[in-house]
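Visitor: Questions regarding the structure given below will be posed in turn.
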Amino acid sequence: MLGVKPGVLALQGAFREHREVLDALGVEAVDVRTPEQLGALDALILPGGESTTMSKLLDTSSLRAPVADLLADGLPVLGTCAGMILLARDVVDGRDDQVSFGAIDVAVRRNAYGRQRDSFEAALDVDGLTGGPFPGVFIRAPRIERAGADIEILARYEGDPVLARQQHVWVASFHPELSGDLRLHEQFLSNIA
């Protein structure tokens with residue numbers, strides 16, 4: 001389906017769930033654990049998980065520099081939850097040892113919606129998505145606190161942006177891979193096909 005070959009960063013977090021969504025869409029995807037696995041990809045997904053751990057694993061796996069180069073070259077990317085933190089220009093309450101790619105002009109706050117026990121679901125109206133609201137799954141979710149002038153806001157929760165895009169970079173505060181709804185992945189892939 002769609003004729004694209006995405007990769008899913010498979011170092012930590014919800015990479016398996018993203019692969020299951022891509023499999024359900026009939027899309028051949030690659031689990032990315034080494035720089036060699038980045039070759040010939042049409043897109044990359046940075047999953048939710050623990051952003052500090054993922055940041056460290058990007059370094060120990062020697063993936064940080066090649067991923068940064070691909071992002072600079074315009075490789076389409078979707079970052080969900082921790083993936084959004086990794087792609088943000090600014091992390092408001094980030095740790096000193098956590099380095100983001102600065103690929104999208106947003107400032108995010110980690111765990112802005114509370115701890116694990118504060119997780120929730122919300123029906124989100126997503127621009128360009130047909131078929132009714134999208135079920136947003138928020139788990140220790142980050143919040144976009146500042147969005148640059150070139151940022152397109154695609155969905156909001158209680159007035160705050162939770163899905164945004166800047167050219168080839170898409171970010172979501174929530175976990176679309178846990179929603180049971182394939183439409184957001186399909187929309188992302190359709191935009192690059």
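The values are calculated or read from the model by the stated rules, or taken from the named source; none is laboratory data. If you're wondering where the values come from, they're calculated on a predicted model, not measured in any experiment. Here the Cβ is made from the backbone with ideal geometry for all residues, glycine too, and neighbour counts use every protein chain on show. The accessibility values were calculated without ligands, DNA or RNA, using every heavy atom of the protein model including side chains. Shrake-Rupley method; radii C 1.70, N 1.55, O 1.52, S 1.80 Å.
Visitor: Give me the number: length gained by fully extending ARG117 to ASP96, i.e. 0.36 nm times residue separation minus the C-alpha to C-alpha distance, one decimal in nm.
Guide: Details: separation 21, 0.36 × 21 = 7.56 nm, distance 2.61 nm.
Extra length available between ARG117 and ASP96 comes to 4.9 nm.
Visitor: When Lys and Arg each count +1 and Asp and Glu each count -1, what net charge do the other residues less than 15 Å away from PRO161, Cβ to Cβ, add up to?
Guide: Numbers: positive: ARG89, ARG109, ARG143, ARG146, ARG156, ARG165; negative: ASP90, ASP105, ASP125, ASP127, GLU145, ASP150, GLU152, GLU158, ASP160.
Cβ neighbours under 15 Å give a net charge of -3.
Visitor: Where only protein heavy atoms count, and the probe is 1.4 Å, what is the accessible area per residue for the range 1-120 in Å²?
Guide: Per-residue value: 42 Å².
Visitor: Would you please classify the overall shape of the range 107-193 from the alpha carbon gyration tensor, given that a ≥ b ≥ c denote the square roots of the eigenvalues, rounded means a/c under 1.5, and beyond that prolate means a/b larger than b/c while oblate covers the rest?
Guide: Working: a/c = 1.83, a/b = 1.18, b/c = 1.56.
Cα axes put the range 107-193 in the oblate bin.
Visitor: What residues have an amide H closer than 5 Å to that of ALA43, excluding those fewer than 5 places away on the same chain, when H is modeled at 1.01 Å from N in the peptide plane?
Guide: The list, which skips near neighbours in sequence, is LYS5, GLY7.
Visitor: Which of these values of semi-axes √(5λ) of the Cα gyration tensor in Å was calculated from the structure shown: [x] 30, 26, 15; [y] 22, 20, 16; [z] 25, 24, 14?
Guide: Identified label for the calculated read-out: [y].
Visitor: Another question, then. State the answer as a single residue: which of GLY148, LEU129, TYR113 lies farthest towards the positive end of the charge dipole of the range 107-149, with beta carbon charges of +1 for Lys and Arg and -1 for Asp and Glu, about the Cα centre.
Guide: Projecting each Cα onto the dipole axis, the largest value belongs to TYR113.
Visitor: How large is the helix-only mean residue ellipticity at 222 nm for the chain, computed as the sum of -39500 (n - 2.57) over DSSP H runs with n ≥ 4, divided by its residue count, in deg cm²/dmol to the nearest 500?
Guide: Calculated at 222 nm, the ellipticity per residue is -6500 deg cm²/dmol.
Visitor: Let me make sure I get this right: for the range 8-79, a, b and c are the square roots of the gyration tensor eigenvalues over alpha carbons, sorted descending. Under 1.5 in a/c it's rounded, otherwise prolate if a/b > b/c, else oblate. Which is it? Kindly include the intermediate steps, with their values, before the conclusion.
Guide: Numbers: a/c = 1.80, a/b = 1.19, b/c = 1.51.
Oblate.
Visitor: Also: If you find the alpha carbon centre of the range 1-70 and of the range 171-189, how far apart are they in angstrom?
Guide: 15 Å
Visitor: Would any residue of the range 121-138 have its amide N under 14 Å from a label point 7 Å out along Cα→Cβ of ASP160? List them or say none.
Guide: The answer is 121-122, 137-138, whose backbone nitrogens lie closer than 14 Å to the label point.
Visitor: Roughly how many percent of the accessible protein surface of the chain is carbon and sulfur, given a 1.4 Å probe and a whole-percent answer? Don't skip to the end; give the middle numbers.
Guide: Working: 3660 of 8250 Å².
Answer for the chain is 44 percent, counting heavy atoms of protein chains only.
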